[in-house]
Amino acid sequence: MTKLGTLDLNKIYQGDCIELLKKLPENSVDLIFADPPYNLQLNGELYRPNQTKVDAVNDAWDKFESKEDYDTFTTLWLKECHRVLKNSGSIWVIGTYHNIFRVGTILQNIGFWILNDIIWIKTNPMPNFKGTRFNNAHETLIWATKSKSSNYTFHYHSMKVMNDDLQMRSDWLIPICQGEERIKVNGQKAHSTQKPAELLYRIIISTSNHDDIVLDPFSGSGTTAAVAKRLGRKYIAFEREPFYVKIANERLEKIIPLEKPLLEYKIEKRKPKVPFGCLIEKGYVKIGENLFSRDGKYFAQVQADASLLFNGIAGSIHKISAAILKKENHNGWSFWYIRRDNKLISIDQLRHDYENKFLKSKDSAYKEIQFEENSIHEPEESFLSYANNGIQSV
Ligand SMILES: C[S@@+](CC[C@H](N)C(=O)[O-])C[C@H]1O[C@@H](n2cnc3c(N)ncnc32)[C@H](O)[C@@H]1O
């Protein structure tokens, strides 16, 4: 697919985003990132103590007649975004205290459903020279879906892995765009609010898939399009100022997309966990029989609710093995064995046999886990067949 309605994909269009959004078909976009004007309303110029001028956002694109004007503008572009967003998609809007609360209210009034607000903590914020307020060191991102019932994309496990196996939090520490990354023309910043690529990287990686369509209605220096291209997504972006379109296009020319195999979410395709109760239901373990420790020293009886009974205490396979080992927690799968053909075999082995028989799927990365065929222990009878055997016909 190279087109979205009458517009080409992988292109930055110069023009007003509200007019351009109207050209897109409804329910056609997977992910929207919007970095709209802030409506900063700066009064006069700001100088450092050494009398050099502060590079604040004072551009024409950020000027509105009034707050009402800003709200009308926000309502119009957000309504269009709501129309073009797929039900499986989501939208991110970034802003500061100047605008994000107004944007958040309008967004909810339109029908979007907020999933999170992310605080982008700037590790190197601009200093507050006047010393009359706290240093403004963050921006807020709202992450929302089209409606409460949207089935949106979120790569939870990938985000966790990215964060050293800890669930990723809603406060992101990322420096403001600087150094090599900052696009300059004649030694001056090409765009006053170029966002760091890391920010877009997290957003696009976490909430879209390879080949998805990413839309940015306020493209500026083209950060969204650049990261989307690198991550193998399709993009479409709008920007009013021809100069910014030019620098964004120059930026995009240098981007080489990553190879598709590097962009697959292998970590998300986790093998489903088999709880101990499933082994009972399928007859791999019988209610009433004993599980043993490896050396046979300890044994516990399997109850109908999948708990083990040991010395009058009932608990899960994990709780009882932990109690025997006098530990807070323990993985019962590595502790318990069952007697089969006069040998003790690990219940973990039974679990693998169960997975191999019932959970092997053709299209998941899980298929890469191979089990030796001869290790399979067939269940004798399922839990239900045991139950039925007990019923006497009259
Ligand atoms: C906050 S900046 C976006 C910066 C961008 N995220 C980046 O990383 O470079 C907002 C941009 O929206 C553009 N803009 C403002 N009003 C617009 C409109 N009605 N239609 C399209 N672009 C607009 C401005 O020219 C400005 O470049």
Problem set entry | First in region 227-240 and farther than 22 Å from Lys260 by Cβ, second anywhere and surrounded by 24 or more Cβ atoms within 10 Å (Cβ to Cβ) and acidic (Asp, Glu), Cβ under 6 Å, 6 or more apart | Ala237/Asp216
Exercise. If you go through region 194-210, how many residues are closer than 22 Å to Thr140 by Cβ and either more than 10 Å from the ligand (Cβ to nearest atom) or modelled with pLDDT under 95 (or both)?
Worked result: 9
For this session: Using the structure shown, decide if Met168 is touching a Lys or Arg at 6+ places or on another chain (Cβ under 8 Å), among the aliphatic types (A, V, I, L, M) and in a loop (DSSP other than H, G, I, E, B).
Result: yes
Exercise. Within region 154-166, how many residues turn out to be in contact with a helix residue (DSSP H, G or I) (Cβ under 9 Å, 6 or more places away or on another chain) and over 14 Å from Asn116 (Cα atoms)?
Worked result: 8
For this session: Restrict the check to region 146-163 and report whether at least one residue is within 15 Å of the ligand (Cβ to nearest atom), without any contact (Cβ under 8 Å) to a residue 60 or more places away in the chain and surrounded by 12 or more Cβ atoms within 10 Å (Cβ to Cβ).
Result: no
Problem set entry | Filter result for Arg102 (in the same structural domain as Leu31 (by TED's automatic domain parsing) and either within 16 Å of the ligand (Cβ to nearest atom) or free of Cβ contacts under 8 Å to residues at least 40 places away in the same chain (or both)) | yes
Exercise. Yes or no: Ile213 surrounded by 20 or more Cβ atoms within 10 Å (Cβ to Cβ) and away from the ligand (no atom under 13 Å from the Cβ)?
Worked result: yes
Problem set entry | Residue that is modelled with the highest pLDDT [pool: residues in region 63-104 that are part of a loop (DSSP other than H, G, I, E, B) and in contact with a helix residue (DSSP H, G or I) (Cβ under 9 Å, 6 or more places away or on another chain)] | Asn99
For this session: Mind listing whichever residues of region 216-258 are aliphatic (A, V, I, L, M) and either touching a His at 6+ places or on another chain (Cβ under 8 Å) or buried (at least 24 other Cβ atoms within 10 Å of the Cβ) (or both)?
Result: Ala225, Val227, Ala228, Leu231, Ile236, Ala237, Ile247, Ala248
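The values are calculated or read from the model by the stated rules, or taken from the named source; none is laboratory data. Note that the structure is predicted; figures quoted are calculated from it, not measured. Positions of Cβ are generated from backbone atoms using ideal geometry, with glycine treated the same way; all protein chains shown enter the neighbour counts.
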